[in-house]
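Data first, discussion second: the structure below is written as structure tokens.
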Amino acid sequence: MLICDEYLTLASLDEAFDAMARHRGRCRIIAGATDTLPWAREGRAGDVEVPVLIDVARIPELNARRVDGTRVRLGAAVPIQRFLDDPALAKALPVMPQCAIWFADDQIRESATIGGNVINASPAADGTPPLIAHGARVELAAKRNGRIVRREMAVEDFLQGPGKTALESDELLVGLDCEALPGYGASFEKVGHRRSLVISVVCLAALVKLDATKQKIEDARLAIGGIGPVPQRLTEVESFLRAGPLTAERLEQAAEMPVALVASRSRQEYRREVVRGFVLRALMTAVRNAGGASLLAPELEAAYA
């Protein structure tokens, strides 16, 4: 059981930082709170007491979302469901709706936040590979010497290991800034131990932009989670795809490249097989969604459908 002595619902960053300072060392920050009870049950050795829960979900800045030219600004408390019901977000961040549909169920998506998915720093978090593929940067804020100061860094740099981030003790993750990529073909792949409300073992985000002839990949973005301590961008695969013609053989070669990156401590052989299949299927789907023709032999395409 989770025991809380005081629950604070705050309306501004100033209020949140003041509450954090008053209760330093005895508080926990929540927004959607969908991971709070699972976190409390992790020890399974009795009650977990948090003297003060500080709820930041109603702070306007953390709920804001804006598509502005080539960039998308997401407040950290934006629910995962918004990637499914906000057409502007879905168009600008084409892989996020495909990720969101795999993210638990409707009720959890309505509460779970994009910032919470990042801050938990799970090696296989669903939201981080799509964000990395979209070149996302986190914005962190703290109140120091009476004023709010901010800093930014790439999501890849923010995530430092399982459950570990670059967040300092007086900071909040307040937002994410992403590259808008309308017109890219997108795909999201995910596998876990069960089909219902599945928790990822491996997940992959792919974005592809074709040239005017639809015969060459002009740009490719791939990011994968679950094969090591942190999710990672597959930059070598991206460069390989951009460097040659769009053929079935090239897609198959690209799918082999990240297999050697699997560094998880468990089920390595399984993960290697998953990675190859995921990359190939994701590229096939992303190319098709970008307006390209099917390139693989029917029997091979059926095998990875």
Notebook entry, point to check: So which residues in the stretch 181-191 are within 15 Å of the chain's Cα centre (by Cα) and either free of Cβ contacts under 8 Å to residues at least 40 places away in the same chain or closer than 20 Å to Val118 by Cβ (or both)?
Noted result: Ala186, Phe188, Glu189, Lys190
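This table checks each residue for (1) in contact with a strand residue (DSSP E or B) (Cβ under 7 Å, 6 or more places away or on another chain); (2) at pLDDT 85 or above; (3) closer than 30 Å to Ala31 by Cα.
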residue: Lys214; (1), (2), (3): no, yes, no
residue: Gly228; (1), (2), (3): no, yes, yes
residue: Leu234; (1), (2), (3): yes, yes, no
residue: Val237; (1), (2), (3): yes, yes, no
Notebook entry, point to check: Which condition breaks for Pro229 when tested against (1) surrounded by 17 or more Cβ atoms within 10 Å (Cβ to Cβ); (2) out of contact with any helix residue (DSSP H, G or I) (no Cβ under 6 Å at 6 or more places or on another chain); (3) closer than 22 Å to Asn117 by Cα?
Noted result: (1)
Item checked: Which numbered condition Val149 fails, given (1) over 26 Å from Asp219 (Cβ atoms); (2) of a type in the set (Val, Ile, Thr); (3) in contact with a helix residue (DSSP H, G or I) (Cβ under 7 Å, 6 or more places away or on another chain) -> (3)
Next item on the list: Any residue in the stretch 107-118 that's free of Cβ contacts under 8 Å to residues at least 40 places away in the same chain: show its pairings with residues that are among the small types (Gly, Ala, Ser) and in a helix (DSSP H, G or I) at Cβ separation under 9 Å, as long as the two are six or more apart or on different chains.
Entry: Arg109/Ala100
Notebook entry, point to check: Among the candidates Gly161, Gly244, which residue alone is surrounded by fewer than 17 Cβ atoms within 10 Å (Cβ to Cβ), modelled with pLDDT of 90 or more and on the phi > 0 side of the Ramachandran plot?
Noted result: Gly161
Margin query: Quick check on the stretch 224-246. Is at least one of its residues of a type in the set (Ser, Thr, Tyr) and either part of a loop (DSSP other than H, G, I, E, B) or in contact with a Pro (Cβ under 9 Å, 6 or more places away or on another chain) (or both)?
Written below: no
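Here's the yes/no breakdown for (1) in a helix (DSSP H, G or I); (2) at pLDDT below 95; (3) assigned by TED's automatic domain parsing to the domain that holds Gln232; (4) of a type in the set (A, V, I, L, M):
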{"position": "Ala77", "(1), (2), (3), (4)": "no, no, no, yes"}
{"position": "Phe83", "(1), (2), (3), (4)": "yes, no, no, no"}
{"position": "Trp102", "(1), (2), (3), (4)": "no, yes, no, no"}
{"position": "Gln107", "(1), (2), (3), (4)": "yes, yes, no, no"}
{"position": "Ala124", "(1), (2), (3), (4)": "no, yes, no, yes"}
{"position": "Ala141", "(1), (2), (3), (4)": "no, no, no, yes"}
{"position": "Arg151", "(1), (2), (3), (4)": "no, no, no, no"}
{"position": "Asp157", "(1), (2), (3), (4)": "yes, no, no, no"}
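The values are calculated or read from the model by the stated rules, or taken from the named source; none is laboratory data. A quick note: this is a predicted structure, and the numbers were derived from the prediction, not measured. When we count neighbours, we look across all protein chains shown, and the Cβ atoms used for this are built from the backbone with ideal geometry, even at glycine.
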